[in-house]
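The values are calculated or read from the model by the stated rules, or taken from the named source; none is laboratory data. Computed from a predicted model, the values in this text were never measured in an experiment. Every residue, glycine among them, receives a Cβ derived from its backbone with ideal geometry; neighbour counts consider all protein chains shown. Ligands, DNA and RNA are stripped out before the accessible areas are found, and what is left, the full protein with its side chains, is counted by its heavy atoms. Shrake-Rupley method; radii C 1.70, N 1.55, O 1.52, S 1.80 Å.
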Amino acid sequence: MATKKAAAAPYCCGECGWETAKWVGRCGECQAWGTVVERSAPKSRVLAGPVTTKALPIGEIPVEDAQSRSSGVPELDRVLGGGLVPGAAILLAGEPGVGKSTLLLEVAAQTARYKHRTLYLTGEESAAQVRLRADRTGGIQDELYLAAETDLGAVLGHVEQVKPTLLVIDSVQTISASDIDGVPGGVTQVKEVAAALIRMAKLRNITLVLVGHVTKDGSIAGPRVLEHLVDVVLHFEGERASRLRMVRAVKNRFGPVDEVGCFDLSSEGIVAITDPTGLFLDSRNGSAAGTCVAVAMEGRRPLLSEVQALVTHSAAERPRRTTSGVDSSRVAMILAILQQHAGIRLHSHDVFVSSVGGARLTEPSNDLAIALAIVSAYRGRPLGRQVVAVGELGLSGDLRRVRDIDVRLAEAGRMGFRSAAVPAEAPENIGRSRLMDGLRVVDVDTIRRAVDILGMSEDAGAASGS
């Protein structure tokens, strides 16, 4: 007897493709909520259809239409890899209140200032509210058009009428299409609305900037396909207690990834910070125990950041390990290395490690600076204000080379530092002191040798006391 072919499940997950015979609120594969939707009936695609544009040899494709132009904000140009590319789709995501709308209003005003027509469509605020912000930040320009819309058809109508070169949608989760099932901000609505806007931008050669919401864990809200559809994904981040804001590229088809731009957000608007190194350093002239300066690379930019540590005796059975701005698991590993290979016994001490100025130190190259700050706090002896440390710690207590060491040292010399501890390039260089970019650079091979050379060992303390 012939077997009947099993029918495809009528429901599937819009995130991972998991199939089910009945609708459920939570995907059984990726555990995402609200992503299971009814599968549309497949249509046969066997006949050739009309082509939009004729295929050409790749060498005959004109590149003039894809040349980037400045956004008017230098730090954003740095992150984008040169500026705004016509036809590009850019997704900017960040927490509520971080300053996304303020940044994009500044970009729109600067674009309009250079006689490039710009259309700013807001779905979260009224047009009058955006106008008040533009008055405060000096963003009133003749070529900047503003409208408050939440319907996709009306948005496309505005584009047809204004014919802008830059289109800002704030935000994509507020735009809905009446002919698509689902609530505004839902998976189906966000995916279809974004696809329609991106398709329109590509056909009309308009630079499209979409504002995206984030979930409570910091990831971009909506279907994952949204990040695949766009050309550039930017994260706008910053601490609420600080005026410093950072734009970080996590996807960029036109430039480098992991580049970072720095901004100062105030009541007067947002201002690009072209030299942000000093923001992460304590301005005190003296030196204190428990501090060390690291040189981290944010994209192609070296940033000097100060690490602070506090070590105190603990009466608890399990001492506290508290971090801010640094990876807690990385600090736990460094503490184990110090105990095993440098003789620093911290099993009965509370350890607190923090970065200055809201900097986030996630690079392994910051290991040596964190370790020296902890040793300095434990010994109660300062390293000095003119010392930087760069190097990754291995589990055997050895120091490993990191990338762009010359660029890091050059930035430290420019900022006025006089001494640096770095991993040795070769065995014959261990303990050698050399002059580089105004810095006295010392090559060390292990954390124990670094502690000894910098005068943080217990023997050095006894000798100085006698």
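For the range 71-181, list the helices (runs of 4 or more DSSP H) that sit wholly inside it and hold at least 3 residues that are surrounded by 20 or more Cβ atoms within 10 Å (Cβ to Cβ); which are they? So that I can check it myself, show each step before the final result.
Details: elements: 74-80, 100-113, 127-137, 152-162.
Where helices (runs of 4 or more DSSP H) fall fully within the range 71-181 and carry at least 3 residues being surrounded by 20 or more Cβ atoms within 10 Å (Cβ to Cβ), they are 74-80, 100-113.
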Worksheet item: Among the residues of the range 333-360, which ones are open to solvent by less than 10 Å² (accessible area, probe 1.4 Å) and closer than 30 Å to ASP264 by Cβ?
Response: VAL353, ALA359
Discussion item. Given the criterion modelled with pLDDT under 95 and either farther than 22 Å from ASP231 by Cα or touching a strand residue (DSSP E or B) at 6+ places or on another chain (Cβ under 6 Å) (or both), identify the matching residue among GLY87, GLY94.
Written reply: GLY94
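Return the residue satisfying two criteria in turn: it lies in the range 361-383 and is among the hydroxyl-bearing types (Ser, Thr, Tyr) and either open to solvent by 40 Å² or more (accessible area, probe 1.4 Å) or under 25 Å from ASP258 (Cα atoms) (or both), and of such residues it is nearest to the chain's Cα centre (by Cα).
THR362
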Worksheet, complete the sentence: Pairing a residue in the range 44-67 that is closer than 23 Å to ALA201 by Cα and open to solvent by 90 Å² or more (accessible area, probe 1.4 Å) with any residue that is modelled with pLDDT of 80 or more and of a type outside the set (Lys, Arg), where Cβ atoms lie under 7 Å and the two sit 6 or more apart in sequence or on different chains, gives ASP65/PRO86; ASP65/ASN205
Worksheet, complete the sentence: Inside the range 256-271, the number of residues satisfying the requirement of being of a type outside the set (Val, Ile, Thr), out of contact with any Asp or Glu (no Cβ under 7 Å at 6 or more places or on another chain) and on the phi < 0 side of the Ramachandran plot is 7
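Among strands (runs of 3 or more DSSP E) lying entirely in the range 373-464, which contain 3 or more residues that are more than 20 Å from GLY343 (Cβ to Cβ)? Spell out how you get there, then give the answer.
Details: elements: 387-389, 419-423, 433-436, 439-444.
By residue number, 419-423, 433-436, 439-444.
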Fill in: Failed criterion for VAL388 (all others in (1) crowded, with 24+ Cβ neighbours inside 10 Å; (2) closer than 13 Å to VAL451 by Cβ; (3) not acidic (Asp, Glu) hold)
(2)
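Out of ARG131, ARG136, report the one residue that is free of Cβ contacts under 8 Å to residues at least 24 places away in the same chain, out of contact with any Phe, Trp or Tyr (no Cβ under 7 Å at 6 or more places or on another chain) and either within 30 Å of ILE270 (Cα to Cα) or aliphatic (A, V, I, L, M) (or both). Steps first, answer last, please.
Values: ARG136 fails: free of Cβ contacts under 8 Å to residues at least 24 places away in the same chain.
Answer to the check: ARG131.
Of the residues SER171, SER266, SER219, which single one is among the small types (Gly, Ala, Ser) and without any contact (Cβ under 8 Å) to a residue 12 or more places away in the chain? Spell out how you get there, then give the answer.
Numbers: SER171 fails: without any contact (Cβ under 8 Å) to a residue 12 or more places away in the chain; SER266 fails: without any contact (Cβ under 8 Å) to a residue 12 or more places away in the chain.
Within the list SER171, SER266, SER219, the selection yields SER219.
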Response to the item:
Here the qualifying pairs (Cβ atoms under 8 Å; residues six or more apart or on different chains; first in the range 82-100 and without any contact (Cβ under 8 Å) to a residue 60 or more places away in the chain; second surrounded by fewer than 18 Cβ atoms within 10 Å (Cβ to Cβ) and among the basic types (Lys, Arg)) come out as GLY83/ARG69
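Among the residues of the range 364-413, write down those that are among the charged types (D, E, K, R), farther than 15 Å from ARG301 by Cα and either free of Cβ contacts under 8 Å to residues at least 40 places away in the same chain or touching a Leu at 6+ places or on another chain (Cβ under 7 Å) (or both). It would help to see each step written out before you state the result.
Step one: list which residues in the range 364-413 are among the charged types (D, E, K, R), which gives 367, 379, 381, 385, 392, 398, 400-401, 403-404, 406, 408, 411.
Adding the requirement that they be farther than 15 Å from ARG301 by Cα leaves 367, 379, 381, 385, 392, 398, 400-401.
Selection gives ASP367, GLU392, ARG400, ARG401.
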Discussion item. It is to be established whether one or more residues within the range 26-42 are open to solvent by 100 Å² or more (accessible area, probe 1.4 Å), free of Cβ contacts under 8 Å to residues at least 60 places away in the same chain and assigned to a loop (DSSP other than H, G, I, E, B).
Written reply: yes
Worksheet entry | Identity of the residue in the range 240-250, surrounded by fewer than 20 Cβ atoms within 10 Å (Cβ to Cβ) and closer than 16 Å to THR102 by Cβ, that ends up modelled with the highest pLDDT | LEU244
Practice prompt. Within the range 210-233, work out how many residues are open to solvent by less than 10 Å² (accessible area, probe 1.4 Å) and in a strand (DSSP E or B).
Written response: 5
Worksheet item: Out of the residues in the range 269-303 that are over 30 Å from ALA134 (Cβ atoms), open to solvent by 20 Å² or more (accessible area, probe 1.4 Å) and small (Gly, Ala, Ser), which is modelled with the lowest pLDDT?
Response: GLY286
Worksheet item: Name the pairs whose Cβ atoms lie under 7 Å apart, with the first residue in the range 177-194 and without any contact (Cβ under 8 Å) to a residue 24 or more places away in the chain, the second open to solvent by 80 Å² or more (accessible area, probe 1.4 Å) and not in a helix (DSSP H, G or I), and 6 or more positions between them or separate chains?
Response: GLN189/VAL183
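Restricting to the range 107-134, name every residue that is of a type outside the set (A, V, I, L, M, F, W, C), in contact with a Leu (Cβ under 9 Å, 6 or more places away or on another chain) and under 25 Å from ARG204 (Cβ atoms).
Step one: list which residues in the range 107-134 are of a type outside the set (A, V, I, L, M, F, W, C), which gives 110-111, 113-118, 120, 122-126, 129, 131, 133.
Then drop every residue that is not in contact with a Leu (Cβ under 9 Å, 6 or more places away or on another chain), which leaves 111, 113, 116-118, 120, 122, 131, 133.
Hits for the range 107-134 are THR111, ARG113, HIS116, ARG117, THR118, TYR120, THR122.
Does ILE334 satisfy being of a type in the set (Val, Ile, Thr), within 26 Å of ASP445 (Cα to Cα) and either touching a residue at least 40 places away in the same chain (Cβ under 8 Å) or touching a Phe, Trp or Tyr at 6+ places or on another chain (Cβ under 9 Å) (or both)? Can you show your working first?
Working: of a type in the set (Val, Ile, Thr): yes; within 26 Å of ASP445 (Cα to Cα): yes; either touching a residue at least 40 places away in the same chain (Cβ under 8 Å) or touching a Phe, Trp or Tyr at 6+ places or on another chain (Cβ under 9 Å) (or both): yes.
Here the answer is yes, as ILE334 does meet what is asked.
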